[in-house]
Amino acid sequence: MEAIQWKANSLYLLDQTKLPVEEVWLEFSDYRAVAGAIAAMVVRGAPAIGVSAAYGYCLAAMEYRSLSPAAFQSNMALAKGVLAASRPTAVNLFWALDRMERCLSAHGNSPDAVPALIAQARAIHAEDVEMNHAIGAHGAAVVPEHARVLTHCNAGSLATGGYGTVLGVIRSAFAQGKVDMVYADETRPLLQGARLTAYELVRDGIPATLIADNMAAFLMARGKIDMVILGCDRMAANGDFANKIGTYSVAVNAHHHGIPFYTALPSSTIDLSIPDGGGIPIEERPGSEITHVFGVQTAPLEVGTYNPAFDVTPHTLLTGIVTEKGVVYPPFQENLAKLFG
Ligand code: MRU
């Protein structure tokens, strides 16, 4: 299953705002529309945002290729800014755009770089899928037999170039006969767990139980969860990490109940330039996402709202970090620097 395709010089995105009810593919030939789709969460999930932005950068280069070299260069810088302004937290977006910009400058910042840029975006996409398979293999090794696994949000095929980070681990462990049940937090307010993770698990025939976010602690107390594994949008040098709002609560609850707590991520999600979680920019989204549930008003319009899309979990609550290079254990700062510095 995949959510991003590049065909005949256009980008196609599976509209994740419509899932699981409708499977609608949208075609993009304008990089501004790609930035809009990232902001509107037509495509979401840290690696998927990075891959889409890379293709968006190609669309910009195609649009501007007939300009003079100087005008081409300045417009490409503007296009990069537009794509980068779409969402602030997932570092994969900036990582992918920087890589595209380096590719352009390696080709003399010339309009002739278009084929090389497309090849670079395709490489970012393909490498992401490859990393997810490696994450899956490493992560499956830490999943116990007969595991009942809790996850939060969606870190699956839909959130990546394909296969998924967390769902990559779950898919690999399930193939080894280790997974008895996956509990998916519904993930307020936009229900990525209910709409997307449940959808992926059901399609793959992996036993899945959907719960509301506020039920996880009760399941843990009743001994129904053997491990937690969830995604990451940006990890700081010390292992503190931002992920979908609600992750921190799950971490505290897992710690209280002595349940192993992992995050899974590709190296493109690690930001060693930020020393700890306090420096990670946290996106705030419109209050209408919590006063309304998919267009239906559920709160008085006069009420104040606060809607951070992510929270930060301190590394002290982490058991391990599953990466494409293996599972990283404490001391995280030292071990992350050794593997990724
Ligand atoms: O707001 P979203 O849906 O983009 O948030 C997604 C997450 O928090 C995922 O867990 C994270 O991006 C990792 S995806 C492999």
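May I ask you to list pairs of residues, at least six apart or on different chains, whose Cβ atoms are under 6 Å apart, with the first in the stretch 258-282 being within 16 Å of Gly246 (Cα to Cα) and the second being away from the ligand (no atom under 13 Å from the Cβ) and not hydrophobic (A, V, I, L, M, F, W, C)?
Cβ pairs passing all conditions: Phe261/Thr319; Tyr262/Thr319; Tyr262/Gly320; Gly277/Asp240.
Can you tell me which residue within the stretch 160-176, out of those that are near the ligand (Cβ under 10 Å from one of its atoms) and of a type in the set (A, V, I, L, M), is farthest from the chain's Cα centre (by Cα)?
Per the stated criteria, the residue is Leu167.
Of the residues Glu186, Glu145, which single one is touching a Lys or Arg at 6+ places or on another chain (Cβ under 7 Å), in contact (Cβ under 8 Å) with a residue 12 or more places away in the chain and over 16 Å from Thr263 (Cβ atoms)?
Among Glu186, Glu145, only Glu145 is touching a Lys or Arg at 6+ places or on another chain (Cβ under 7 Å), in contact (Cβ under 8 Å) with a residue 12 or more places away in the chain and over 16 Å from Thr263 (Cβ atoms).
Could you tell me whether Ala194 is aliphatic (A, V, I, L, M), within 16 Å of the ligand (Cβ to nearest atom), without any contact (Cβ under 8 Å) to a residue 24 or more places away in the chain and out of contact with any Phe, Trp or Tyr (no Cβ under 7 Å at 6 or more places or on another chain)?
yes
Considering only the stretch 1-52, state which residues are closer than 21 Å to Gln120 by Cβ, in a loop (DSSP other than H, G, I, E, B) and over 19 Å from the mean Cα position of the chain (by Cα).
Listed by number, the residues that qualify are Ala8, Asn9, Ser29, Asp30.
For Asn243, only one of the following conditions fails: (1) under 19 Å from Ile274 (Cβ atoms); (2) within 11 Å of the ligand (Cβ to nearest atom); (3) assigned to a helix (DSSP H, G or I). What is its number?
For Asn243, the failing item is (3).
Counting only residues that are under 14 Å from Gly81 (Cβ atoms) and away from the ligand (no atom under 15 Å from the Cβ), which one in the stretch 35-63 is surrounded by the fewest Cβ atoms within 10 Å (Cβ to Cβ)?
Among residues in the stretch 35-63 that are under 14 Å from Gly81 (Cβ atoms) and away from the ligand (no atom under 15 Å from the Cβ), the one surrounded by the fewest Cβ atoms within 10 Å (Cβ to Cβ) is Ala60.
So for the stretch 27-49 (the condition being more than 30 Å from Ala236 (Cβ to Cβ) and polar (S, T, N, Q)), does at least one residue qualify?
Yes.
Quick check, is Cys153 within 16 Å of the ligand (Cβ to nearest atom), touching a Phe, Trp or Tyr at 6+ places or on another chain (Cβ under 9 Å) and part of a loop (DSSP other than H, G, I, E, B)?
no
Could you list, in sequence order, all residues of the stretch 135-163 that are of a type in the set (Ser, Thr, Tyr) and either over 15 Å from Met227 (Cα atoms) or surrounded by fewer than 22 Cβ atoms within 10 Å (Cβ to Cβ) (or both)?
Ser157, Thr160, Tyr163
Just need a number here: residues in the stretch 164-185 that are crowded, with 22+ Cβ neighbours inside 10 Å and assigned to a loop (DSSP other than H, G, I, E, B).
Here the count works out to 2.
Of the conditions (1) surrounded by fewer than 21 Cβ atoms within 10 Å (Cβ to Cβ); (2) touching a residue at least 12 places away in the same chain (Cβ under 8 Å); (3) among the polar types (S, T, N, Q), Thr247 satisfies every one except a single condition; which number is it?
If we test Thr247 against (1) surrounded by fewer than 21 Cβ atoms within 10 Å (Cβ to Cβ); (2) touching a residue at least 12 places away in the same chain (Cβ under 8 Å); (3) among the polar types (S, T, N, Q), just (1) comes out false.
Quickly run through the stretch 87-99 and pick out the residues that are outside any helix (DSSP H, G or I) and either within 11 Å of the ligand (Cβ to nearest atom) or without any contact (Cβ under 8 Å) to a residue 40 or more places away in the chain (or both).
The answer is Arg87, Thr89, Ala90, Val91.
Out of (1) within 14 Å of the ligand (Cβ to nearest atom); (2) at pLDDT below 95, what's the single condition that is false for Pro69?
(1)
May I ask you to say which residue of Arg234, Arg188 is within 14 Å of Phe310 (Cβ to Cβ), surrounded by fewer than 22 Cβ atoms within 10 Å (Cβ to Cβ) and within 14 Å of the ligand (Cβ to nearest atom)?
Result of the check over Arg234, Arg188: Arg188.
If you check Ala299 against the conditions, is it within 13 Å of the ligand (Cβ to nearest atom), outside any helix (DSSP H, G or I), hydrophobic (A, V, I, L, M, F, W, C) and modelled with pLDDT of 95 or more?
When the stated conditions are applied, Ala299 does not pass them.
Taking the stretch 255-281, which residues are more than 16 Å from the ligand (Cβ to nearest atom) and assigned to a helix (DSSP H, G or I)?
His255, His256, Gly278, Gly279
What are the residue pairs meeting all of these: first residue in the stretch 20-45, first residue closer than 15 Å to Arg285 by Cα, second residue of a type in the set (Lys, Arg), Cβ atoms under 7 Å, and 6 or more apart or on different chains?
Every condition considered, the pairs that remain are Ile38/Arg87; Ala39/Arg87.
The values are calculated or read from the model by the stated rules, or taken from the named source; none is laboratory data. Keep in mind the model is a prediction, meaning the values are calculated, not measured. Note that we place each Cβ from the backbone using ideal geometry, even for glycine, and neighbour counts take in every protein chain shown.
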